[in-house]
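The values are calculated or read from the model by the stated rules, or taken from the named source; none is laboratory data. Worth saying up front: this structure is predicted, and the values here are computed from it rather than measured. Backbone-built Cβ (ideal geometry, glycine too); neighbour counts: all protein chains shown.
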Amino acid sequence: MKNEYALFRYEEVAAKVTGIIKNLDLSTGDRVPSVRQVSEELQVSMATVFQAYHLLEAKGLIISRPRSGYFVNATVKNTQVQKPAGKYIPLPSHVTLNSMIANMIKNVRGFGVVNFSIVAPVNELLPISRMSKAVRDTLKDPAGDSFQYPLIEGHPRLVKQIVRQTFDWGTGLATDEVLVTNGCIEAINLCLDAVAKPGDIILVESPTPYGILQCLESRNLLALEIITHPDTGLDLDQLARAIQQHQIAACVVTTICNSPIGCSMSRENIIRLVQLLSQHNIPLIEDDALGDLSFSHPRPLPAKAFDKANNVLYCTSFSKTLGSGFRIGWVSGGRYHEQIKRLKYISNFFTNGILQDAIGRFLETGLYNGHVKKMKTALQQNLARYMDSINRHFPDEVKIAAPKGGFSIWLELPAYMDGWELHRRALQEGIGISPGQIFSTSSQYNNYIRINYCPMWNMKIDRYLAKLAALIKKYKSIPQLTPN
């Protein structure tokens, strides 16, 4: 059996092509060896070479040009975003971001011609025809029970398919360990209600998805932010110190494809996180909504796969892979699962049965994994083009955290810049971006922004990234706008 830490063949090919580029001293714009040439020289299939080149595209090393081949990309800027200035000491904080986030979303939808702010898959990436057929099949089935109230746990067809997806976890889940929800956010809200009460302290990543912060604010929970690194993810040493210093009710973490940074924790660190929290009896609420979109192969296992103490409350969704309009997610709540089911019953009783059945039918076709693979390839190619445009247009002071999956690019601007102010100026040019302020309760990300690279690449995207770059370059010369 192959060592699970060994390189896959396409990774070996990618490493060799990287060496060729360095050995030949190729410069920006130079053509790299063709797929056929590499295939013949290394005695590997063309499919393997394509996979290797997609990996190098995602890393920003090469860029493909239609009908022309692959070329050395523009030199990627310093991809290591900096830690917050000074010695950061996390302290519990009240969350007061809901109105800011609501205004941002409203303004972007009203004025953003190009929307780089919302993390959601565009239609071009979705299996719309297949999902449409699945919905039609559900509606045409006279013997089906989808028109009736579904079981609170979820539609049996979907629950069965969800359980099958966990088989490669080793132990996997049983059907009575799954509860279908209205998206991942409802799953997280149910988990928070099960393990915490108003005034409790919740450990979160820093930066963290603004949806998580909204969940905390609506429940009057305190956020204790733990620094997250672009390469390694959550700082476990800082987390361990925080546990010693504070009474922690729970920890909410995205172990794979954090948003906004796009980083993932290593297998070793995920295991350490699970063990550390279990040792201190602190529930781990795992947000894995973007895990299927990790560029790593095979897909990294979530923390729940290493949970021997039933301490991980696993939350995920099909919104990022099959369409955000479905709003179908699920939770496996560990030792809190029965309590979460009671809370679900009290709050809204059940989740749309017709859509559950339709997704279950699609999963039964066996096409989901192939769809996700195709989707990730498209995202990697899209990311390479976005990175190339940013490298060409943005000033050198801008630093980039190159993502390892998902939809987001996290950018650090010069210290004198304000992400919220840039957001407002960008809206005047028809550009929607997410300011760093909405990803933290502190001011340490005021000079950061997040860009969603999901909108499919075209020259319009390049023009609007160039416009955004121009706003960054002339930021100092324009008086600050009056706050809303």
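Remarks
Listed here are the residues, each with its yes/no results for (1) in a helix (DSSP H, G or I); (2) touching an Asp or Glu at 6+ places or on another chain (Cβ under 8 Å).
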| position | (1), (2) |
| --- | --- |
| ALA289 | no, no |
| ASP292 | yes, no |
| CYS315 | no, yes |
| GLN339 | yes, no |
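- Considering LYS374, LYS404, the condition of being without any contact (Cβ under 8 Å) to a residue 24 or more places away in the chain, under 28 Å from ASP292 (Cβ atoms) and touching a helix residue (DSSP H, G or I) at 6+ places or on another chain (Cβ under 9 Å) is satisfied by LYS374 alone.
- Selection from segment 364-388 of residues that are surrounded by 19 or more Cβ atoms within 10 Å (Cβ to Cβ), of a type in the set (D, E, K, R) and farther than 16 Å from TYR70 by Cα: LYS376
- Identification of strands (runs of 3 or more DSSP E) wholly contained in segment 341-457 with 1 or more residues that are under 23 Å from CYS263 (Cβ atoms), basic (Lys, Arg) and in contact with a Ser or Thr (Cβ under 9 Å, 6 or more places away or on another chain) yields 399-401, 448-452.
- ARG272 vs. criteria of a type outside the set (S, T, N, Q), modelled with pLDDT of 95 or more and not in a strand (DSSP E or B): yes
- Test: residue in segment 420-427 that is modelled with pLDDT of 95 or more and either under 28 Å from LEU125 (Cα atoms) or assigned by TED's automatic domain parsing to the domain that holds GLU57 (or both): no
- Test for LEU277: is it in a helix (DSSP H, G or I) and not assigned by TED's automatic domain parsing to the domain that holds THR377: yes
- Only listed residue being within 22 Å of THR255 (Cα to Cα), surrounded by 16 or more Cβ atoms within 10 Å (Cβ to Cβ) and in contact with a strand residue (DSSP E or B) (Cβ under 8 Å, 6 or more places away or on another chain), chosen from LEU411, LEU468: LEU411
- Residue identified as at pLDDT below 95, among the charged types (D, E, K, R) and surrounded by fewer than 19 Cβ atoms within 10 Å (Cβ to Cβ) among LYS460, LYS404, LYS399: LYS460
Residues checked against (1) more than 30 Å from GLU153 (Cα to Cα); (2) of a type in the set (Ser, Thr, Tyr):
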site: SER347; (1), (2): no, yes
site: ILE359; (1), (2): no, no
site: LEU379; (1), (2): yes, no
site: LEU422; (1), (2): yes, no
site: GLU429; (1), (2): yes, no
site: SER434; (1), (2): yes, yes
